[in-house]
Amino acid sequence: MCVEQGIVMVVDDDLAVCEALKFTLELEGLSVRLCRSGAEALRHPDLAKACCIVVDYRMPGMDGLQFLEHLAQRQLNIPAILITAQPSHSLHRRAKAAGVHRLLEKPLMDSALVDSIHAIGGRS
């Protein structure tokens, strides 16, 4: 399965969030790469190997949806989970239109993120 063989890329400008997600996901046996911006993620050598991207919506320079647009332009069809502190109805619509697998509200609670990643990989 993709999640068991691939990489989960976390893209968030908040180092504390990145480190917390990395710790949690690695406890689940997932391989994680961290990027502090969309631009950094677009340059990352493991981007094409990612089976899932967890991306923050609000980041300086390039927001999460803009980052996903860049992926689409490169024809990289990588399932994405968008995370944000205040999801509006408009953002939900825009995320759905962008093909986001799931939009999760911060702070991330329970096992919603891990469950979403496993669902992408076909594992329940």
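The values are calculated or read from the model by the stated rules, or taken from the named source; none is laboratory data. For clarity, every value in this text was computed on a predicted model and none was experimentally measured. So basically every Cβ, Gly included, is an ideal-geometry build from the backbone, and we count neighbours across all protein chains shown.
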| field | Those residues of region 59-99 which are outside any loop (DSSP other than H, G, I, E, B) and hydrophobic (A, V, I, L, M, F, W, C), in sequence order | value | LEU65, PHE67, LEU68, LEU71, ALA72, ALA80, ILE81, LEU82, ILE83, LEU91, ALA95, ALA97
| crowded, with 20+ Cβ neighbours inside 10 Å, under 12 Å from the mean Cα position of the chain (by Cα), farther than 21 Å from ALA119 by Cα and among the charged types (D, E, K, R): does that describe ASP12? | yes
| Would region 30-45 turn up any residue that is under 17 Å from ALA119 (Cβ atoms) and either under 11 Å from the mean Cα position of the chain (by Cα) or not β-branched (Val, Ile, Thr) (or both)? | yes
| query | Quick one: is ALA72 modelled with pLDDT of 95 or more, under 19 Å from ALA48 (Cβ atoms), surrounded by fewer than 18 Cβ atoms within 10 Å (Cβ to Cβ) and not charged (D, E, K, R)? | reply | yes
| Of the residues GLY61, GLY38, which is loosely packed, with under 13 Cβ neighbours inside 10 Å and more than 21 Å from MET109 (Cα to Cα)? | GLY61
| query | What about VAL55, is it out of contact with any Ser or Thr (no Cβ under 7 Å at 6 or more places or on another chain) and modelled with pLDDT of 95 or more? | reply | yes
